[in-house]
1. Of the numbered conditions (1) surrounded by 20 or more Cβ atoms within 10 Å (Cβ to Cβ); (2) in contact (Cβ under 8 Å) with a residue 60 or more places away in the chain, V361 fails exactly one; give the number of that condition.
2. Can you name every residue in segment 322-358 that is assigned to a strand (DSSP E or B) and either without any contact (Cβ under 8 Å) to a residue 24 or more places away in the chain or among the small types (G, A, S) (or both)?
3. In segment 311-331, which residues are surrounded by 14 or more Cβ atoms within 10 Å (Cβ to Cβ) and not charged (D, E, K, R)?
4. Just to be sure I understand the filter: pairs with C-beta atoms under 7 Å, separated by 6 or more residues or on different chains, first member in segment 245-259 and without any contact (Cβ under 8 Å) to a residue 60 or more places away in the chain, second member in a loop (DSSP other than H, G, I, E, B) and aliphatic (A, V, I, L, M). Which pairs pass?
5. Given R333, R320, R345, which one is in contact with a strand residue (DSSP E or B) (Cβ under 7 Å, 6 or more places away or on another chain), charged (D, E, K, R) and over 30 Å from G179 (Cβ atoms)?
6. Kindly evaluate K351 against the criterion of being under 22 Å from F281 (Cα atoms) and of a type in the set (D, E, K, R).
7. Helices (runs of 4 or more DSSP H) wholly in segment 210-306 with at least 2 residues that are of a type in the set (A, V, I, L, M) - which ones?
8. Of (1) over 24 Å from L184 (Cβ atoms); (2) of a type outside the set (D, E, K, R); (3) part of a strand (DSSP E or B), I69 satisfies all except one. Which?
Amino acid sequence: MWQPKEIIVNVKVKNDPGTKRILNMCDGVPVKYVKNGKAKTIINASDILRTAGNTMLEKINAGKQVLYIAPPGTGLVDQFQMPDDRMLCPHFDRLRFGSNACPFLCDWCFLKLTYRAAFPFMTVYVGYQIIEKQLEKRLNQTTDPVIFNSGELGDSLAFEHLTGAAQHFIPWFAESDNGYLFMLTKSTSVDQILDLDHKGRTIIAWSINNEKISRKFEIGAPTFSQRLAAAEKVQNAGYPLRIRLDPIVPFEGYQPEYSKTIKHIFEKVSPERITLGTLRFEPGFYNIRHNIFNTGTILPEMLGKMVPMFQPKLFSGKKRLKSGKYSFPEAQRIEIFNFAINEIRKYSDCKIALCKESAVVWQNTGLEPSRCSCVCQLDYADMTN
């Protein structure tokens, strides 16, 4: 099981049960203490971060060895809203167990740009009773069911063997009147949650990719077959199971390979929903494509063939034109998704959605944006307004 090579602890949570659990599970790992959570303070306290190389990639890679244990801030329960409404994505409630909270080195990960070299370390939050109060505040605002996405700014289960966060919150949500927990992961750290009384109120989704692509670009993450085995375990334990096949990478000969991938998924599990996506990058990520990858020139060459997803537009209150993420041309994305949908339909009538896509692509794949069934949604979301 993964362990950090260095732990930084905020003194405010030095005696928190969550902190003590992590330190006990990481016996022998060097521990430093800091008085505040400023990035500069944490970097200066860390032998690993302070002596990392000068490039952005070197600092990011070094940060994957350092775990910062933080007190819960006021914004660990919030709502995500896509700033560019041309990119269809339903709003969702978010629960943060951590920030930049993933030990894997997937080369295309958007967290590289989100946290950059300025915040390269991985953060987990303790003080679970305070987080519970934040959840209760949100749930008391409505009688409607609310699903909280815990896998948007980190892997929901990759640190579970250290933190026990899922073991705490899965039973909590099981007793909630209107709360549901959504967990997104590439991890195999599931044995600790199999016997929990979840009452179907925790939904778990695996981010899956083609075996060859995963081995090449999802550095340090469990293999395709290992992830499927973990997914099978949680499905057998009665958890609702979903799959993200994202990003589909259209390398030469990708269709036969992804056809096998989809076949193998349904040989092992029966997901109730699948969300599809392909490579897409923020302009800032696109602009540093020549020095942000660990895997050579393949991804930079692919990015060189990408185009902005939309025409430049000035949004209200903004000073700069936005043209959306960079991705493959619309016609190619439509081809990718129609292929994947047709393959899935050979085995299942499960719900299918697209991740952060244009209305044109949705329409040309026969999917209905007024009935978006993304894995992060409890039911359907209407993205036409």
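1. (2)
2. Kept after step one, since they are assigned to a strand (DSSP E or B), are these residues of segment 322-358: 322, 326-327, 351-354, 357.
Listed by number, the residues that qualify are S327, A353.
3. Step one: of segment 311-331, the residues surrounded by 14 or more Cβ atoms within 10 Å (Cβ to Cβ) are 322-328, 330.
Result: S323, G324, Y326, S327, F328.
4. V249/L279
5. Working: R320 fails: in contact with a strand residue (DSSP E or B) (Cβ under 7 Å, 6 or more places away or on another chain); R345 fails: in contact with a strand residue (DSSP E or B) (Cβ under 7 Å, 6 or more places away or on another chain).
Going through R333, R320, R345 in turn, just one is in contact with a strand residue (DSSP E or B) (Cβ under 7 Å, 6 or more places away or on another chain), charged (D, E, K, R) and over 30 Å from G179 (Cβ atoms): R333.
6. Values: under 22 Å from F281 (Cα atoms): no; of a type in the set (D, E, K, R): yes.
Here the answer is no, as K351 does not meet what is asked.
7. Numbers: elements: 211-217, 224-236, 254-268, 283-287, 298-303.
Of the helices (runs of 4 or more DSSP H) lying wholly inside segment 210-306, those with at least 2 residues that are of a type in the set (A, V, I, L, M) span 224-236, 254-268, 298-303.
8. Result: I69 passes all but (1).
The values are calculated or read from the model by the stated rules, or taken from the named source; none is laboratory data. This one's a predicted model, so the numbers in the text were calculated from it and none came from an experiment. All Cβ positions, even for glycine, are placed from backbone atoms using ideal geometry, and neighbour counts span all protein chains on display.
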